[in-house]
Amino acid sequence: MLAAAADENIAVAHIGQFSWLSLDATRTIIELRAGRPAPDLRDATRAVRLDLELHARHNLIPALSRGSVIADRLILSTACLLALLYQEAVDDFVQ
């Protein structure tokens, strides 16, 4: 998709799923991705939300000023990860 956009001179960028801008949130997210959930779901949710807020503020919004942005795994895959680890419905994490 990125190559096709470049061939058509369409300004587009791809951005990753996480910002990695908060050390505490990063540690929690790494543990989640390794299949080791935080003891308290609220801590995991706070870490993910903080990372998404930082990602939006420092990565996504600035990137949008240069063109379209593809953030294909931004929210849904994180919601699926939390749902799997905490045995909750995915819908509970997509709000």
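Each reported figure results from applying straightforward, stated rules to the coordinates on display, with no laboratory input. Fair warning: this is a prediction, and the values are worked out from it, not measured in the lab. Cβ coordinates were reconstructed from backbone atoms using ideal geometry, including for glycine residues, and neighbour counts include every protein chain displayed.
Charging the Cβ of each Asp and Glu at -1 and of each Lys and Arg at +1, and nothing else, the dipole of the chain about its Cα centre rounds to 240 debye.
Looking at the chain as a GNM with Cα springs under 10 Å, which of A71, A25, A34 has the largest mean-square fluctuation? Fluctuation is largest for A34.
Given only helices, namely DSSP H runs of n ≥ 4 each adding -39500 (n - 2.57), what is the per-residue ellipticity at 222 nm of the chain, to the nearest 500 deg cm²/dmol?
My calculation for the chain gives -14000 deg cm²/dmol from helical runs alone.
Among the listed values (i) 12.7, 36; (ii) 15.0, 48; (iii) 11.9, 33, the one computed from these coordinates for Rg and Dmax of the Cα atoms in Å is (ii).
Annotation: amide H of I70 within the under-5 Å range of A13, H14, I15, sequence separation 5 or more or interchain, hydrogens built in the peptide plane.
Close amide H pairs (under 5 Å, H built 1.01 Å from N) link S19 with H55, residues at least 5 positions away or on another chain.
Listed values for segment 27-37 are Karplus-derived 3J(HN,Hα) couplings in whole Hz (6.51 cos²θ - 1.76 cosθ + 1.60, θ = phi - 60°), namely 4, 5, 5, 4, 5, 4, 5, 8, x, 10, x, and x replaces Gly and Pro.
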